[in-house]
Amino acid sequence: MNWLKGSVDPSVELLVVMEATGVYHQGIAHYLYDNGYNVCVMQSGRVKRYAQSLDQRSKTDALDSRMLSMLGLERSIRLWNPPSKALQALKALSRERSSLLKDRTIE
């Protein structure tokens, strides 16, 4: 938050673009949304195809972040809104069930 506030001109509307990474992106997406930022969560397949269209073969964090920012500037993208509480609970239950089934198989 300190970096965002110190690095971005407050008169500019900021859009935070991130790639969906399983469940790992969810915490920061919710946090940024709750703090008033516009958030876009892109599916990894769409991000990969965009990188291919730029003939981007290397994969580093710096290149990925630059590519995501270009994607956010160039393309018409949909803003992310958090799922309903019921859907969040259903997803959590589904993940828990999958984990239990995996544990049962291991046993």
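The values are calculated or read from the model by the stated rules, or taken from the named source; none is laboratory data. Since we're looking at a predicted model, the values are computed, not measured. Don't worry about glycine lacking a Cβ; one is built from the backbone with ideal geometry, like all the others, and counts go over all protein chains shown. To get the accessible areas, we keep the full protein, side chains included, count just its heavy atoms, and leave off ligands, DNA and RNA. Shrake-Rupley method; radii C 1.70, N 1.55, O 1.52, S 1.80 Å.
Only sites in a loop by DSSP and with at most 10 other Cβ atoms within 10 Å count here; which GluC sites (Glu not before Pro) in the stretch 1-92 make the cut?
Answer in residue order: 13.
Name the residue farthest towards the positive end of the dipole of the chain from the options 23, 93, 68, assuming +1 on Cβ of Lys and Arg, -1 on Cβ of Asp and Glu, about the Cα centre.
Going by the charge dipole, the pick is 93.
Pairing the Cα long axis of helix 61-74 with the longest principal axis of the chain, what angle in degrees results, from 0 to 90 and rounded to the nearest 10?
70
Find the relative contact order for the chain and round it to a whole percent, using C-alpha pairs within less than 8 Å whose residues are 6+ positions apart.
Averaging sequence separation for qualifying contacts and normalising by length gives 26 percent for the chain.
Which whole-angstrom value gives the distance between the alpha carbon centres of the stretch 80-107 and the stretch 1-20?
31
How much length is gained if the chain between residue 15 and residue 105 is pulled fully straight, taking 0.36 nm per residue apart and subtracting their Cα-Cα distance, in nm to one decimal?
28.1 nm
Roll a 1.4 angstrom probe over the protein heavy atoms and tell me the percent of accessible area of the chain that is carbon or sulfur.
Carbon and sulfur atoms account for 53 percent of the accessible area of the chain.
Evaluate the Kirkwood expression for the hydrodynamic radius of the stretch 18-106, namely the inverse of the mean inverse distance over all pairs of different C-alpha atoms, and round to one decimal in Å.
15.1
Based on Cβ point charges of +1 for Lys and Arg and -1 for Asp and Glu, what charge dipole magnitude is obtained for the chain about its Cα centre, in debye rounded to the nearest 20?
Rounded to the nearest 20 debye, it is 400 debye.
For the chain, what is the calculated [θ] at 222 nm in deg cm²/dmol (nearest 500), taking -39500 (n - 2.57) for each run of four or more DSSP H residues and dividing by its residue count?
-18000 deg cm²/dmol
Report, to one decimal in Å, the Kirkwood hydrodynamic radius for the stretch 1-43 based on all distinct Cα pairs.
Answer for the stretch 1-43: a Kirkwood hydrodynamic radius of 11.1 Å.
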